[in-house]
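Below is one structure; the comments refer to it alone.
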Amino acid sequence: MILDGVIISAFGTGYKVATLDGEIYTCKAKGIFRQRNISPCCGDKVTVEILESTEPLITEIKPRKNEIIRPPLANLDQMVFIMSTCEPPPNLLMLDKFSAVAQYKGIDSVIVFTKTDKQPADDYVKIYQGVYPVFEVNNETGEGCDKVKEALRGKFSAFCGNSGSGKSSTINNICPKLGLATAEISKSLGRGKHTTRRVDIFELDCGGYIADTPGFSTFETGKYDTIFKEELADCFPEFQDYLGECRFQDCSHTKENGCAILEAVRNGKISESRHKSYCEMYREASLIKPWELKDRQKR
């Protein structure tokens with residue numbers, strides 16, 4: 001019997017696949033994937049052969065529309081960045097880096113600010129509203145979680161953020177039956193105890209799937225450091241209306257006279273905070289050596 005499905009869990013050399021008929025099978029992967037240096041991962045759309053005498057076998061991995069490598073996930077519709085307003089305070093540069101990577105990979109970004117009962121999110125919302133969908137939630141009361149749940153409907157979303165930011169609490173409020181473990185903030189270290197140690201995919205009762213990922217400290221994306229400086233402006237959605245309007249064709253949008261983006265920053269149409277992150281990322285991209293650039297373009 002041949003069935004199509006999606007990998008919802010990966011453990012060692014085994015995989016759990018949810019098939020279109022609603023069944024879940026524990027499978028092995030065909031050896032040819034290892035020979036081709038292909039690793040099946042959560043979110044992969046696959047074909048499974050159900051055998052009588054041995055374990056079900058993944059025989060085909062469908063083409064991926066996108067992927068991230070740490071944690072390994074494929075075919076994401078959106079990344080939901082959970083940022084607490086305090087304890088720990090939001091790291092906006094880190095948020096801007098990861099949302100730029102998502103844009104680079106064709107993955108939509110959603111931003112959720114938590115702990116609004118302790119510290120209002122108004123100043124942060126002003127920065128991102130109109131750039132990405134932005135939500136505020138109070139996980140003590142559940143206020144705001146219904147709006148986040150609606151944004152997840154029918155999509156495959158990855159939840160990520162700093163440890164202790166409230167990822168698991170938010171997911172529990174959206175889907176209480178999951179009962180994910182949560183942890184208090186470590187007062188001595190100022191960060192959360194890492195309760196999320198692997199990636200798991202959960203089905204929502206509203207339709208759609210979510211993946212709970214480790215904290216930002218262990219979260220990496222494929223090609224994270226290969227957004228070249230010439231491509232970086234395309235990864236900031238609010239820059240798009242101004243690209244091509246600068247005085248100089250090779251404008252870096254960091255300091256030039258006649259730069260349309262700098263003018264938009266001065267007029268309050270682009271956030272100073274976002275532009276500051278762009279400049280820092282541009283500086284980092286400019287440090288890539290020519291030989292590194294050639295090597296990465298071959299990958």
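The values are calculated or read from the model by the stated rules, or taken from the named source; none is laboratory data. As the structure is a prediction and not an experimental result, all values here were calculated from the model. For neighbour counting, all protein chains shown are included, and Cβ atoms are generated from backbone atoms with ideal geometry for every residue, glycine included. Accessible surface areas use protein heavy atoms only, side chains included; no ligands, DNA or RNA. Shrake-Rupley method; radii C 1.70, N 1.55, O 1.52, S 1.80 Å.
I want to confirm something. Restricting to the stretch 11-29 and keeping residues that are within 11 Å of residue 41 (Cα to Cα) and modelled with pLDDT of 85 or more, which single residue is most open to solvent (accessible area, probe 1.4 Å)?
16
Could you pull out the residue among 31, 43, 12, 22 that is among the small types (Gly, Ala, Ser) and touching a Leu at 6+ places or on another chain (Cβ under 9 Å)?
Residue meeting the stated conditions: 43.
Filtering the stretch 129-164 down to residues that are of a type in the set (Phe, Trp, Tyr) and touching a residue at least 40 places away in the same chain (Cβ under 8 Å), which residue is farthest from residue 77 (Cα to Cα)?
132
Please specify each residue of the stretch 110-149 satisfying the condition of being open to solvent by less than 20 Å² (accessible area, probe 1.4 Å), assigned to a helix (DSSP H, G or I) and at pLDDT 95 or above.
125, 128
Of all residues in the stretch 223-267 being of a type in the set (D, E, K, R) and part of a loop (DSSP other than H, G, I, E, B), which is nearest to residue 66 (Cα to Cα)?
223
Just give me the residues in the stretch 114-131 being within 19 Å of the chain's Cα centre (by Cα), farther than 15 Å from residue 272 by Cβ and aliphatic (A, V, I, L, M), in sequence order.
Result: 125, single match.
Pick from the stretch 68-78 the residues that are in contact with an Asp or Glu (Cβ under 6 Å, 6 or more places away or on another chain) and open to solvent by less than 70 Å² (accessible area, probe 1.4 Å): which of them is farthest from residue 108 (Cα to Cα)?
By that ranking, first place goes to 74.
Here is a yes/no grid of residues against (1) at pLDDT below 80; (2) part of a helix (DSSP H, G or I); (3) touching a Lys or Arg at 6+ places or on another chain (Cβ under 7 Å):
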{"residue": "151", "(1), (2), (3)": "no, yes, no"}
{"residue": "154", "(1), (2), (3)": "no, no, no"}
{"residue": "159", "(1), (2), (3)": "no, no, yes"}
{"residue": "164", "(1), (2), (3)": "yes, no, yes"}
{"residue": "169", "(1), (2), (3)": "no, yes, no"}
{"residue": "172", "(1), (2), (3)": "no, yes, no"}
{"residue": "180", "(1), (2), (3)": "yes, no, no"}
{"residue": "183", "(1), (2), (3)": "yes, no, yes"}
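Within the stretch 51-67, count every residue that is open to solvent by less than 70 Å² (accessible area, probe 1.4 Å), in contact with a Cys (Cβ under 9 Å, 6 or more places away or on another chain) and in contact (Cβ under 8 Å) with a residue 40 or more places away in the chain.
Counting residues in the stretch 51-67 that are open to solvent by less than 70 Å² (accessible area, probe 1.4 Å), in contact with a Cys (Cβ under 9 Å, 6 or more places away or on another chain) and in contact (Cβ under 8 Å) with a residue 40 or more places away in the chain gives 1.
Considering only residues that are surrounded by fewer than 19 Cβ atoms within 10 Å (Cβ to Cβ) and among the polar types (S, T, N, Q), which ones fall in the stretch 79-101?
Correct list: 91 only.
Working carefully through the options 23, 49, 60, 67, find the one that is within 20 Å of residue 208 (Cβ to Cβ) and over 22 Å from the mean Cα position of the chain (by Cα).
The conditions single out 23.
Out of curiosity, is residue 286 at pLDDT 95 or above and either open to solvent by less than 40 Å² (accessible area, probe 1.4 Å) or in contact with a helix residue (DSSP H, G or I) (Cβ under 6 Å, 6 or more places away or on another chain) (or both)?
no
Test each condition in (1) more than 13 Å from residue 55 (Cβ to Cβ); (2) in contact (Cβ under 8 Å) with a residue 24 or more places away in the chain; (3) more than 27 Å from the chain's Cα centre (by Cα) for residue 33 and report the one that comes out false.
(3)
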